[in-house]
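Student: Below is one structure. I have some questions about it.
The values are calculated or read from the model by the stated rules, or taken from the named source; none is laboratory data. What you see is a predicted model, and the numbers here were worked out from it, not measured in a lab. FYI the Cβ positions are ideal-geometry reconstructions off the backbone, even for glycines, and counts take in every protein chain you see. These accessible areas exclude ligands, DNA and RNA; they are computed on the full protein's heavy atoms, side chains included. Shrake-Rupley method; radii C 1.70, N 1.55, O 1.52, S 1.80 Å.
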Amino acid sequence: MNILQHHIQALVFCAQSPISIEEIQRCLTEALQMEIAVGDVLESIEAINEQLNETGFAFQIYAIGGGYQFLTKPEYQETVSVYLKQKSKKKLSASALETLAIIAYKQPITRSALEQIRGVGCDYAVQKLLEKDLIEIKGKADTIGRPVLYGTSQKFMDYFGINHIKDLPQLKDFATEENTIGEIAD
């Protein structure tokens, strides 16, 4: 089983984006010329993570974006955050972030629907999000003029560390107590 773990580490390490369990299984089956079960791959990933924890490494294999990827452990977030802040010269503007949030929650969505929600034109924000690969064109709507539909990309999922759109925070997570006037009677 140890050789299987080494091959899995090599695959996860060389993958530029999260690699699916099925893709790992297919690669191992072909490379090792023997049938490898998905269960064996999952057990091996768990064993790799146990070894990495025991030896005190700052990273491990995480399930993210529909696959597996080496990522640093949460306790090193501050250090990595400083590095990424220094490396990233351009942040998303408030309008781009707002546009991205609307697309994430309402996808697939047309530009006109997006502009109707925001109340302002979104051409520049949508263009910047497309350039950064945070959103992508998901097709065309079946309405008059066949407008383009936008949705989030895999890079969006990776960037925000979520596996599925359903993992986005819901409105109830941000709910605040209603404003009340006066004192509450016992």
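Student: Considering only residues that are β-branched (V, I, T) and not in a helix (DSSP H, G or I), look in the range 99-143 and name the one that is nearest to the chain's Cα centre (by Cα).
Tutor: Only one residue fits best here, namely I135.
Student: Please verify whether the range 36-54 includes one or more residues that are among the acidic types (D, E), under 19 Å from the mean Cα position of the chain (by Cα) and not in a loop (DSSP other than H, G, I, E, B). If you could, list the steps in order and put the result at the bottom.
Tutor: From the range 36-54, those among the acidic types (D, E) are 40, 43, 46, 50, 54; that's our starting set.
Cutting the leftovers down to under 19 Å from the mean Cα position of the chain (by Cα) gives us none.
No, every residue in the range 36-54 fails to be among the acidic types (D, E), under 19 Å from the mean Cα position of the chain (by Cα) and not in a loop (DSSP other than H, G, I, E, B).
Student: Hey, another quick one. Write out, first by first residue and then by second, each pair whose Cβ atoms fall under 6 Å of each other, whose residues are 6+ apart or on separate chains, and whose first residue, in the range 132-158, is closer than 16 Å to S17 by Cβ while the second is open to solvent by 70 Å² or more (accessible area, probe 1.4 Å) and assigned to a strand (DSSP E or B).
Tutor: S153/E136
Residue by residue, here is whether (1) of a type in the set (S, T, N, Q); (2) touching a residue at least 12 places away in the same chain (Cβ under 8 Å) holds:
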{"residue": "Q5", "(1), (2)": "yes, yes"}
{"residue": "C27", "(1), (2)": "no, yes"}
{"residue": "E43", "(1), (2)": "no, yes"}
{"residue": "I48", "(1), (2)": "no, yes"}
{"residue": "G56", "(1), (2)": "no, no"}
{"residue": "F59", "(1), (2)": "no, yes"}
{"residue": "Y62", "(1), (2)": "no, no"}
{"residue": "K73", "(1), (2)": "no, yes"}
{"residue": "Y76", "(1), (2)": "no, yes"}
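Student: Another question, if that's okay. For the range 127-152, give me the residue count where each residue is within 25 Å of N163 (Cβ to Cβ), at pLDDT 90 or above and open to solvent by less than 80 Å² (accessible area, probe 1.4 Å).
Tutor: 10
Student: Considering only the range 46-63, I want to know if a residue exists there that is open to solvent by less than 30 Å² (accessible area, probe 1.4 Å) and within 16 Å of D158 (Cβ to Cβ).
Tutor: yes
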